[in-house]
1. Out of (1) surrounded by 19 or more Cβ atoms within 10 Å (Cβ to Cβ); (2) at pLDDT 95 or above, the odd one out for Ser165 is which?
2. Give me the residue from the stretch 109-138 that is of a type in the set (Val, Ile, Thr) and in contact with an Asp or Glu (Cβ under 9 Å, 6 or more places away or on another chain) and, out of that set, surrounded by the fewest Cβ atoms within 10 Å (Cβ to Cβ).
Amino acid sequence: MACLLKTGFSVNSSIGALQVTDLTPNEFMGKSLDVSNQKIGFSHLNVKPPRPISISAQASICVSKALRWWDKTLKPNMVEIHSAKELADSLLNAGDRLVIIDFYSPGCGGCRTLHPKICQLAESNPDAIFLKVNYEELKSMCHALRIHVLPFFRFYRGAEGKLCSFSCTNATIKKFKDALGRYGTERCSLGPAKGLDESELLALASIGQLSRNDDYDYPVKKVYVDLTDNKNLGLKESSELLMA
């Protein structure tokens, strides 16, 4: 059988020829086809519809935590400080161990670059205590301690109190290593740990960061009284009055 279609195909057969001519797009074998309202579903085409995609809100939380660079690679001897009292107590309770205060800010590029090396030095010096102070969290305390540049470090040890203070970056890390080598060696200092300087204690107390009732060595004010007007003494004497 041969079927010749003007639409472009033919079928050949020994029985005869079947011709379909002048078919319109909506006709087939003499019958009209209405396809305007036909709907094709996924079941007829054997195509599975796509599954809805859900995104967990926990992903954003994990990403935000991952961006906290100052919490990364912290060592057991690295302690985050959250108040002036915690700082003062940590220094007094350190005994004869070397204490290094690391003043930093989350938005400080130099602090972020230097952080991995400080962590490495803390790991190689397990007897030293590294106290980390977030400048943005404790800004008033840092102002009272006269911290004006970041990153900034202060070294304290035992009865000697404050040993040195300086600022350094990743390029000048040798300054930090030299101080660590100088003050990190074993030594025995007489007396209890001194902690913060007298001026530092007064500055923190003046802004309410520390209380006078706390057991710290606040400086004693000395007042001299001239007793020359006392006729019974007849000579010039001085008396030292202790005022808390």
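The values are calculated or read from the model by the stated rules, or taken from the named source; none is laboratory data. Remember, predicted model here, so these are calculated numbers, not experimental data. Note that each Cβ is placed from the backbone with ideal geometry, even for glycine, and that neighbours are counted across all protein chains shown.
1. Unmet condition: (1).
2. To start, the set of residues in the stretch 109-138 that are of a type in the set (Val, Ile, Thr) comprises 113, 118, 129, 133.
Keeping just the survivors that are in contact with an Asp or Glu (Cβ under 9 Å, 6 or more places away or on another chain) gives 118, 133.
Numbers: Ile118: 25, Val133: 23.
Looking at residues that are of a type in the set (Val, Ile, Thr) and in contact with an Asp or Glu (Cβ under 9 Å, 6 or more places away or on another chain), I get Val133.
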